[in-house]
Amino acid sequence: MKRVTTISSVAIAVGVAAAFVVWMASGYIGRDPAPASERTTNAPGAPSAPIAVSVRPSSARTITREIVVSANTEPNRVVELRAEMDGRVVELGAERGSRIGQSQLIVSLDMRDLEARIAEAEALIAQRELQYEAALDLEERQLVSDVQIAEARANLVAARAALEQNLVDLRHTRIRAPFDGVLDEREVELGDYVRSGDIVARVVDTDPLLIVGEVNERNVASISVGNAGTARLVSAQTVEGTIRYLAPVAAASTRTFRVELAVPNPAGEFRAGMTAEMYLAADEITAHFLTAALLTLDDAGNIGVKAVDDFDQVRFHPVEIVSSTTDGVGVTGLPDEVSLITIGQGFVTDGQLVAPVPDPTAQGGRGELSESKQPGNELPARL
């Protein structure tokens with residue numbers, strides 16, 4: 001009885017094991033094979049799908065290059081007025097900082113004995129004239145020699161010269177403005193005594209006002225006298241003028257050339273001694289105008305932009321920035337027609353295959369600047 005029970009237990013165990021094997025095998029046999037696309041995607045080393053990037057077309061255009069120069073404002077001319085004779089200040093004709101016209105009185109010195117000397121010289125001239133006329137009358141009757149005639153003439157000339165000298169001294173007692181301008185400084189006050197050669201006042205002329213800077217030797221050939229220019233003052237005022245002077249010789253220490261931009265300033269609105277930035281019109285160049293956000297660097301540190309060629313491959317183009325405005329930059333080094341990558345340039349490399357799509361933020365799907373933003377319509381291109 002015990003032996004029968006043992007055989008039955010073994011038979012049951014074998015049957016359960018066989019059923020489990022059959023169940024496992026049925027799962028593998030009934031499974032469908034994986035799709036071919038899934039097997040390809042999961043296969044090691046399989047190529048990935050091209051990355052989508054946004055692009056916009058860009059066309060080269062002609063722009064006027066402007067050379068940017070750090071500058072400052074200077075007066076057109078400055079004159080220090082000095083006393084030409086000794087004397088005491090008896091009258092003041094203008095206050096410091098006031099606008100004055102040509103020949104306007106600034107300072108008067110006392111005449112001392114000038115009036116008496118002038119009267120004496122005039123009387124002496126009258127006497128010498130009578131003596132000379134008498135000598136001529138006697139000459140007709142051959143009663144005087146040629147030497148006496150020459151002496152009378154010389155005495156008359158000397159008397160007239162003495163009067164002229166006294167009149168010059170009289171003019172020197174009135175110190176006047178040599179031109180229209182501003183009385184920048186007056187060094188004397190009422191009652192001061194000045195000697196010949198002492199500085200009395202300083203007059204400046206700020207019309208035109210000069211914007212003065214230094215142009216390096218690389219850019220000096222691109223500008224010339226008569227060219228137009230603009231300047232932005234530290235006060236945020238913008239002025240326009242014309243180049244009136246370009247140094248023919250470079251400064252020995254800096255190898256730069258002085259340039260002067262003359263700006264009309266009839267009302268004296270703009271002052272000398274201010275910091276400025278000068279923009280000088282130079283030559284015309286062909287360049288692309290784009291936003292500075294599109295600029296990037298390659299592995300070697302070269303600045304450039306990324307574009308897509310006709311085969312949908314990324315191409316890095318080194319560029320040179322030749323102009324700059326608040327709306328963007330002008331660059332050279334690109335083909336005349338190019339598709340710039342506007343979104344996604346940071347995720348692709350040179351030579352990589354991409355899937356370009358039109359930039360949805362660009363005007364008309366082309367990514368071009370509006371007419372008001374075109375260079376030359378709103379702001380000039382600046383180097």
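Values as computed for the structure displayed
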| item | result |
| --- | --- |
| Residue in segment 303-329 that is surrounded by the most Cβ atoms within 10 Å (Cβ to Cβ), counting only those that are within 17 Å of the chain's Cα centre (by Cα) and part of a strand (DSSP E or B) | Ser323 |
| Leu109, sole failed condition from (1) touching a Lys or Arg at 6+ places or on another chain (Cβ under 8 Å); (2) over 30 Å from Thr206 (Cβ atoms); (3) not small (Gly, Ala, Ser) | (2) |
| Condition broken by Val225, with the remaining ones in (1) aliphatic (A, V, I, L, M); (2) closer than 30 Å to Gly241 by Cα; (3) buried (at least 17 other Cβ atoms within 10 Å of the Cβ) satisfied | (3) |
| Number of positions in segment 104-115 that are at pLDDT 90 or above and exposed (fewer than 15 other Cβ atoms within 10 Å of the Cβ) | 2 |
| Hits in segment 83-137 (condition: in a helix (DSSP H, G or I) and either within 60 Å of the chain's Cα centre (by Cα) or among the polar types (S, T, N, Q) (or both)) | Leu114, Glu115, Arg117, Ile118, Gln127, Gln131 |
| Residues of segment 330-341 that turn out to be surrounded by fewer than 17 Cβ atoms within 10 Å (Cβ to Cβ) and in a loop (DSSP other than H, G, I, E, B), as a count | 3 |
| Residue in segment 218-271 that is nearest to Gly97 (Cα to Cα), counting only those that are in contact (Cβ under 8 Å) with a residue 12 or more places away in the chain and of a type in the set (Lys, Arg) | Arg271 |
| The lone exception for Gly346 - which of (1) buried (at least 19 other Cβ atoms within 10 Å of the Cβ); (2) at pLDDT below 90 it fails | (1) |
| The one condition in (1) loosely packed, with under 15 Cβ neighbours inside 10 Å; (2) not in a strand (DSSP E or B) that Ala250 fails to fulfil | (1) |
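The values are calculated or read from the model by the stated rules, or taken from the named source; none is laboratory data. A quick note: this is a predicted structure, and the numbers were derived from the prediction, not measured. Neighbour counts are summed over all protein chains in view; Cβ atoms, including those assigned to glycine, are modelled from backbone coordinates with ideal geometry.
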